[in-house]
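Structure first, commentary second.
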Amino acid sequence: MKIRIKFAKHGTMKFIGHLDVMRYFQKAMRRADVDIRYSEGFSPHQIMSFAAPLGVGLTSNGEYLDIEVHSTGSSEEMIRKLNDVMVEGFQILSWKKLGDDAGNAMSLVDSADYTLTFRKGYEPEDMESFLSGLEAFYSRPSIPIIKKTKKGEKEMDLKPLVYACQVTRGETPSIFVKVSTGSSNNVKPELFLETYCNECGFPFSPFTFEIQREEIYAPGFVPLNDLGENIE
């Protein structure tokens, strides 16, 4: 039976890299007594697949993990069992059964939502000017950039790969972006903001924004969580 697990990653856990997250969940499955399926052969391992690795330093409300199990309790019971063994910073949000012919989460990833907020001390002096300028920047018909790849540099249009950009004004201004994600056209939200900052002259660094992933989608902007069913 295929199971899709949705979880959140916050606090100091944002500094844990993907490989360590994978090892942690392998141990958590054993501690929670999940009847997980193992591969066959001389070196059996838990059958486990993550949707899209999250960069170090990012938090998330929408991470996904697919596993296979021999048996399972209800979704409510399994969420409770796993959360009972989770360390602070990880929270299991859902446990859903997938169809036998369902593709794994990694192969389905098509786009993702992110929220960016300024780190303290990195805010622009004129916040309104920065935000209104960003709105105008996104409204352009094209955003040409030079992207570095393993084979060198190539020119590309960033605009078709940024599906949405919305700003929220107020006491804590934030920037929401929906970008293409996956193996073929993977766009990090930092690339879009860095391109704008370089043009408007605002100093950009890896520490400028706090970044949180909100959701991961299959093609058609279908949340990966919607492709499974709760177990009663």
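Taken together, the values in this text are just the output of simple stated rules run on the coordinates, not laboratory data. Small disclaimer: the values here were computed from a predicted structure and weren't measured. Cβ coordinates were reconstructed from backbone atoms using ideal geometry, including for glycine residues, and neighbour counts include every protein chain displayed.
Pairs are defined by a Cβ separation below 6 Å, a sequence spacing of at least 6 or placement on different chains, a first member in the stretch 206-220 that is in a strand (DSSP E or B), and a second member that is of a type in the set (D, E, K, R) and surrounded by 22 or more Cβ atoms within 10 Å (Cβ to Cβ); the pairs so defined are Glu214/Asp113; Glu215/Asp113. Each residue in the stretch 1-23 was checked for being out of contact with any helix residue (DSSP H, G or I) (no Cβ under 9 Å at 6 or more places or on another chain), of a type outside the set (A, V, I, L, M, F, W, C), surrounded by 14 or more Cβ atoms within 10 Å (Cβ to Cβ) and closer than 21 Å to Thr59 by Cα, and 2 of them qualify. Looking only at residues of the stretch 184-232 that are of a type in the set (A, V, I, L, M) and surrounded by 18 or more Cβ atoms within 10 Å (Cβ to Cβ), we find that the one that is nearest to Ala8 (Cα to Cα) is Ile216. In this structure, does Gly121 turn out to be farther than 30 Å from Met22 by Cβ and in a helix (DSSP H, G or I)? No.
One residue alone among Ser180, Ser139, Ser184 is of a type outside the set (Phe, Trp, Tyr), without any contact (Cβ under 8 Å) to a residue 12 or more places away in the chain and either within 30 Å of Asp20 (Cβ to Cβ) or in contact with a Gly (Cβ under 8 Å, 6 or more places away or on another chain) (or both), and that residue is Ser184.
Can you find, within the stretch 4-24, the residue that is nearest to Ile231 (Cα to Cα) among those that are among the hydrophobic types (A, V, I, L, M, F, W, C) and part of a strand (DSSP E or B)?
Filtering the stretch 4-24 down to residues among the hydrophobic types (A, V, I, L, M, F, W, C) leaves 5, 7-8, 13, 15-16, 19, 21-22.
Now narrow it down to the ones that are part of a strand (DSSP E or B): 5, 7-8.
Numbers: Ile5: 12, Phe7: 17, Ala8: 20 Å.
So the residue we want is Ile5.
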